[in-house]
């Protein structure tokens, strides 16, 4: 294991399948280390767990990854899954609901009822989520935007929807 992975594991709480009192964030094969670092920083501040579904498009020891997360990475709870299949096995065993955040959804996230044990899944920055990921989601949610725009930055989208999920479930720290 690399040094960054060891530091992410050192400060985190022990993650057991029944440790599901707050929504989690899952990143499907992320491409941009700065976005992942930003999401880990947000998760550390809010007490959330981030699931990294590999392969990632960067090395976890990338200096830009550390720069975006600053010193918060030592407080981040991250769980790595070697691939989509391993993540799905874990998610199925825990019985948690999987919500895909995508521009290809019909439900606006502000019209959705979140639960404490939801997993908010975001696709790759460059390509979104493939069909098998869409098929595995219990619900697909979007952010309402002007028609002439394509998408928001993934870290911004994660923050917006995570904030609503925490508000609805009364889970802000």
Quiz item: Before we move on, is residue 48 modelled with pLDDT under 90 and within 17 Å of the chain's Cα centre (by Cα)?
Solution: no
Quiz item: Within the range 105-118, can you find the residues that are touching a helix residue (DSSP H, G or I) at 6+ places or on another chain (Cβ under 8 Å) and within 17 Å of residue 156 (Cα to Cα)?
Solution: 109, 110
Quiz item: Restricted to the range 135-164, and to residues that are more than 15 Å from the chain's Cα centre (by Cα) and in a helix (DSSP H, G or I), which residue is surrounded by the most Cβ atoms within 10 Å (Cβ to Cβ)?
Solution: 136
Exercise. State the number of residues belonging to the range 91-111 that are farther than 13 Å from residue 137 by Cα and either under 13 Å from the mean Cα position of the chain (by Cα) or crowded, with 18+ Cβ neighbours inside 10 Å (or both).
Key: 1
Self-check item: Residue that is crowded, with 17+ Cβ neighbours inside 10 Å, closer than 21 Å to residue 42 by Cβ and at pLDDT 95 or above, where the choices are 121, 73
Solution: 121
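The values are calculated or read from the model by the stated rules, or taken from the named source; none is laboratory data. All of these numbers come straight from a predicted model, not from anything done at the bench. Note that each Cβ is placed from the backbone with ideal geometry, even for glycine, and that neighbours are counted across all protein chains shown.
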